[in-house]
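Before any comments, here is the structure.
The values are calculated or read from the model by the stated rules, or taken from the named source; none is laboratory data. These numbers were taken from a predicted model, which means no experiment stands behind them. Glycine gets a Cβ as well: all are built from the backbone with ideal geometry, and neighbour counts include every protein chain shown. To get the accessible areas, we keep the full protein, side chains included, count just its heavy atoms, and leave off ligands, DNA and RNA. Shrake-Rupley method; radii C 1.70, N 1.55, O 1.52, S 1.80 Å.
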Amino acid sequence: MEAKDRVIDFTEKLPGREGTFEQERNNRIINSAVAYMAAFAIAYVSFNVITSLFAKRYNLFYKLFFFKVEFTQNYDLWTIETVRKTFIAGPVFCLVAGIVALIIQKLYRKRPGILKTFWLWLGVHYLNFFCTQLVLMPIKNTGSQGINASYLGVVADYMYWEDFAKLIASIIATMSLIIIGSITAKPFIQITNSTQHVFKNENRIIYLFQTVLLPYLICSGVSLIYFSDGSFILNLGLVFTMFVIVVSIFINAMKNRMIMIYRLPENGMIENKFLIILASSLILMKIFLNNGIMF
């Protein structure tokens, strides 16, 4: 579509809608960042919870923090069977949960807004966790307990994988990140509240900058600080792998010439309830789970 073409906006306007362009822009950034951070925190914590439950089931568990799991030092219990079932559980859960979340956001036909954005980010984060585990397989963690940077790396060591096999898995996972960006590019564009945001490539870049890139930059900094007591290699790996997805979203979003957006626009206001729930949950985790729990 050429720049000189006139664009008809088919979206309905909400009655009594107020606010300037600047306010809507800022609200859009805040809402997407809140959805991003909430999805990241859920993916991060649930990854550790699932791992701890399986570790408890197979007698490898010692203590659960919201940012990591500590395992028993009794290495007589670290058999091939227990290690394989314990350390593969978290990554596989992330893979399944990511696919389910993306399906839910696709089936969510109501007014686009923070909930649809949340399900979209949740699917991206879960799949990114799984891919990051594969990407980090060849890397050793020099931190506590000498465990690999990736749980899948632990499994690979106990299964006697060669370094070359780990490297191949890492490369395949990196390519998968590009595919994830390709799949989610169109949904990110469709949550806009106006065709004016996406009818030209320059408009689309600005819109994606507000709803994808800025939330990524803001929340990556917040997550590196908030989850700093966890594995530094994992935290940094999650940031870099997500960057590959973000770049892929931008590239693939430019390829879509015709985008059908939702007829009902997003609210355009800051979702205060969502923001309060997120902030409260992060504070409560710091208070009650920062020193770990044993069960």
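Calculate the dipole size of the stretch 42-154 relative to its Cα centre from +1 charges on Lys and Arg beta carbons and -1 charges on Asp and Glu beta carbons; express the result in debye to the nearest 20.
Approximately 600 debye in magnitude.
Accessible area, 1.4 Å probe, largest first: how do Lys85, Lys255, Lys166 sort?
Ranking Lys85, Lys255, Lys166 by accessible area, largest first, yields Lys255, Lys85, Lys166.
Let me check I've understood the local charge: for Asn59, count other residues with C-beta under 13 angstrom from its C-beta, Lys and Arg +1, Asp and Glu -1. What total comes out? Don't skip to the end; give the middle numbers.
On the way: positive: Lys56, Arg57, Lys85; negative: Asp76, Glu81.
Net charge around Asn59: +1.
Phe295 sits among other residues whose Cβ lies under 11 Å from its own Cβ, and their net charge, with Lys and Arg +1 and Asp and Glu -1, is +2.
The 1.4 Å probe gives accessible areas that order Phe54, Phe130, Phe47, largest first, as Phe54, Phe130, Phe47. The charge dipole of the stretch 48-89, taken about the Cα centre with unit charges on the Cβ atoms of Lys, Arg (+1) and Asp, Glu (-1), comes to about 140 debye, rounded to the nearest 20. Residues Glu70, Glu81, sorted by accessible area with the largest first, give Glu81, Glu70 [1.4 Å probe; ligands and nucleic acids excluded]. Could you sort out which of Lys56/Lys166; Lys63/Lys106; Lys56/Lys186; Lys116/Lys166 sit more than 32 Å apart by Cα distance in this structure? Result: Lys63/Lys106; Lys56/Lys186; Lys116/Lys166 exceed 32 Å.
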